[in-house]
Structures are given as structure tokens and as C-alpha cells.
1. State all residues of the stretch 304-319 that are out of contact with any helix residue (DSSP H, G or I) (no Cβ under 6 Å at 6 or more places or on another chain) and either under 16 Å from residue 176 (Cβ atoms) or without any contact (Cβ under 8 Å) to a residue 60 or more places away in the chain (or both); if no residue qualifies, say none.
2. What about residue 392, is it more than 13 Å from residue 465 (Cα to Cα) and surrounded by 11 or more Cβ atoms within 10 Å (Cβ to Cβ)?
3. Just to verify a result, which residue in the stretch 94-126, among those that are closer than 18 Å to residue 153 by Cβ and touching a helix residue (DSSP H, G or I) at 6+ places or on another chain (Cβ under 7 Å), is surrounded by the most Cβ atoms within 10 Å (Cβ to Cβ)?
4. Mind checking which residues of the stretch 265-285 are crowded, with 21+ Cβ neighbours inside 10 Å and within 14 Å of the chain's Cα centre (by Cα)?
5. Scan the stretch 233-243 and tell me whether some residue there is within 25 Å of residue 67 (Cβ to Cβ) and within 19 Å of the chain's Cα centre (by Cα).
6. Where in the stretch 141-256 are there strands (runs of 3 or more DSSP E), lying fully within it, with 3 or more residues that are within 13 Å of the ligand (Cβ to nearest atom) and surrounded by 21 or more Cβ atoms within 10 Å (Cβ to Cβ)?
7. Report, by residue number, each residue of the stretch 410-422 that is touching a helix residue (DSSP H, G or I) at 6+ places or on another chain (Cβ under 6 Å) and part of a helix (DSSP H, G or I).
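FYI, it's all coordinate maths here, none of it is from the lab. Everything numeric in this text was worked out from a predicted model, so none of it was measured. Note that we place each Cβ from the backbone using ideal geometry, even for glycine, and neighbour counts take in every protein chain shown.
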Ligand code: GLU
């Protein structure tokens, strides 16, 4: 067990594919605390090998929200450092070199199978009730066949040659040894046909080259750690120590997900949660300061923290508890801090400027502003005095349409006025509902009033998480969906 560690090198490795997730803040916090406690370094590495899903805007948002929390890093794409570049998309050539080493030592092999063949194999396995996985067809190719195929310009991937027998044991610093039968481990793709590495290859090569000593990540990665261990062995490298944190859960104990609870840090920031509340709350998800004290600062946590005190039970992301904790911290603010907080987080100049075009033609005197536009600042709305289901429509049919909208909004790639407008117009057309039967009720659900500013522009400003929260809240209160 790690009771003393000298100058550890830790990293957080977010994939910039969406809004900054509370789970990322939770993992960053524990990495940060361990680095600070033992005079080590924290590295931020952007894992953007999934080029289709990665967004530069998400990268910025991630850094911005971690900074808001007061968590900083010593090396990263923005601050530089001796082990850069810190963005995987800029390290493509490095991965190729390492994959070539595995190819020449026979630890990896090219796979020429088409997607069509791979899905046929999977279908057959499913039909026979077998676990699905690659059937290692290309691993069995003769040298001559392989050379011939390599000579043709067919696209191919590179796979890890997982040992055919035996088992792989990883060591988790909190759980002890965990054994995996090699038969259950797929010949993992390391390099995709477009030359991009997969998560597994890039993660291992980078953790090694960046001299990472401790990997603290969520427990959902445990099975990947077995593949990583095999990769470390294939390269002949010493693996870092692994610490898998218990994942955050919804109240029903399922893994925290945006389908049930808002998970974006920005949502909580806009809601008016103070950074110190969030840090204290996330710390409590995996660790306690003492049996009778739930309130502590980051500095106190660093001082008292011991890895062995991490509890493995499924921590529940309890919104009532978060609210209570925030109330405590709000009460502690001085008048200056209070004013600063409200100005920076609630009525920020940027937010007011983006509201300006929506509200400027709708006001005679300023006293109308707060009352008419409170839904831009509020959380849940009161629908009890509103008739939302349009006349002549069955509540069941209407609610199903709204549940469908909720899902569509989740998948919307770019959250902007234009995209929102197109999405809703297409959805309305698909449902064959009249405009007024669609847009007025949506407006009422999102803003709580029939005379609010233009709908798509308002939704763009309110943000994905709050818009989805209101739809979900409406459905929860008015239907069984
Ligand atoms: N890119 C992975 C993620 O987005 C990193 C997992 C790890 O820490 O290895 O969570």
C-alpha cells in the first residue's frame, strides 16, 4: 500500500467529446491531492484520438471548468512541459514507431478483415451463445499470405497478439490482485486503419513516455487495465501503480448518467454551486476526513489524505446533500465574497451580453427584466398553473413526443440556436403536429411562460443540461415516461 510515495507523476486524460463531466472533476481531485501531498506533478493529457467525436470547444470547456474548481496541472497542452506534445492527435508518429516495435517482435499483427466479416463473425458467435470477439483469423495467416496482403494497398488494422493460454493479473492498490483469464481478452486493435491509435495503445505508450507512476481512474477501466498490463509486458516496460476509484452513482445505484441527473460541471456552476462545495462534495464520494466531520477544505484534505482511506462502496451523487453543503458554504461568504460570486457566476457580463439581443425589444422599463426572464436563472419551474398539453391532443401522445425530444436533444452535436431550430422543426414535421401544438408547449416547459423570447435562442442560452432537466422534470411530474 502506498503510504509514502516520492514525487509521483500523475495524469488526467480526458477525451474532449462533450461537456466537462462531474466524474472528471472527481478523478482530477484525487489525482491532484495525491500529487500535492507527495510533492509530485499532475499532467493534463488530452485523449483526442477519436477524431470524429473530439471537439476543440470541449477541450477548452474542460480546462475552464477544472480551473473554476481551483484544480491546476503542472504540464499540459496549455502550459507545456518536457514530455509534450500533450495532445494525442499531435503524437500520431510516436504511436506508429511503437506499434512497429510490436510488429517486429511478433507481439502484434496486421488484420485485414473487413467490417462486414467482423460483424458476420459476431453474429455467428451470438447465434451459438458464445462471447463475441475477434476469431484471430489474420493471426493465423502464413508469412507469405501476410506479405502478399501487405503488398496490396488494402486497409488494415494492427492487433495485439494476446497470449492464448494462462491469465493476466493486475494489481489494484485498493483491491489487491485481480486475475483475468487470457482467453476472455480480445486481440485488441491497437492501430486503426486510418493510422490513429486506439485508446489502449495511446494510453499505455503515453503513460510510459510521460513517466507516469500512478494511474488513478474510475473503476470502469479495470478490464482495460488487463489489456494495458499485456501491452506493458509486450513492450517490456514496468507498469505504473493502478488505483481504480469507485464510480459515482445515481440514487438507484446505477452508474451516474445524464439520462437521470445532470452531469455537466457547467450545469452545477450555473446553478450556483460554489467550487469549494463541489470539491468537498466530490471528496466525500470516495473518502472521509473523519467520522464526525464532513466539511473540509482542499488544503485540509491534502494534509490528511491517505490512499488506504478511500472507500470502495458505491458513492451516491446525492443532490440534496450537495444543496445542503452549498448552503453551508454560502452562509460563510462575506458580503464582498457574496457580491463577487453573484456577479461572476449568476449575472456575469458575458451572460448578460448574450441575453441582450433576446430581451432588448421586450422591455419598457428595467423593472420588468427579472420577473420576465427569471427562467434564464432558475432551476425547476412550477407548471401547476399552466395548461401545457395542446387542445385536442392526448396527454399520452404528447408526452411521448416530449420524451422523444429529450433524447434528440441529448444527441445534438452542436448546441446552437440554428441547430436547435432545425432539430425541433424536423421533429415537429416527423410527428406531423401543427406548429402551435409543438412550439408553444415546448416553450412553456422550457420557460414557464407563453411570452418568453424566441425559443431556440433561449434554449441555446439556457444550455443543454438545464433544457433537458426541465423536459425530464415536466415528464416526471406529468407522465409515467
Ligand atoms: N480518455 C479516457 C477517458 O476519457 C482516460 C481513461 C484513463 O484515465 O485511462 O476517461
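1. As a first pass, look at the stretch 304-319 and keep what is out of contact with any helix residue (DSSP H, G or I) (no Cβ under 6 Å at 6 or more places or on another chain): 304, 306-309, 311-314, 316-319.
Hits for the stretch 304-319 are 304, 307, 308, 309, 311, 312, 319.
2. Numbers: more than 13 Å from residue 465 (Cα to Cα): yes; surrounded by 11 or more Cβ atoms within 10 Å (Cβ to Cβ): no.
So residue 392 fails the test.
3. Looking at residues that are closer than 18 Å to residue 153 by Cβ and touching a helix residue (DSSP H, G or I) at 6+ places or on another chain (Cβ under 7 Å), I get 111.
4. 265, 267
5. To start, the set of residues in the stretch 233-243 that are within 25 Å of residue 67 (Cβ to Cβ) comprises 243.
Subsequent filtering for residues that are within 19 Å of the chain's Cα centre (by Cα) retains 243.
Yes, some residue in the stretch 233-243 is within 25 Å of residue 67 (Cβ to Cβ) and within 19 Å of the chain's Cα centre (by Cα).
6. Working: elements: 157-160, 167-172, 176-181, 189-191, 214-218, 241-245.
In the stretch 141-256, the matching strands (runs of 3 or more DSSP E) lie at 214-218, 241-245.
7. If the condition is that a residue be touching a helix residue (DSSP H, G or I) at 6+ places or on another chain (Cβ under 6 Å) and part of a helix (DSSP H, G or I), then 417, 420, 421 are the ones that fit.
Residues are listed down the side, and each one gets a yes or a no for (1) in contact with a strand residue (DSSP E or B) (Cβ under 9 Å, 6 or more places away or on another chain); (2) closer than 30 Å to residue 254 by Cβ; (3) assigned to a loop (DSSP other than H, G, I, E, B):
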| residue | (1), (2), (3) |
| --- | --- |
| 278 | no, yes, no |
| 282 | no, yes, no |
| 288 | no, yes, yes |
| 295 | no, yes, yes |
| 301 | no, yes, no |
| 329 | no, yes, no |
| 337 | no, no, no |
| 341 | no, no, no |
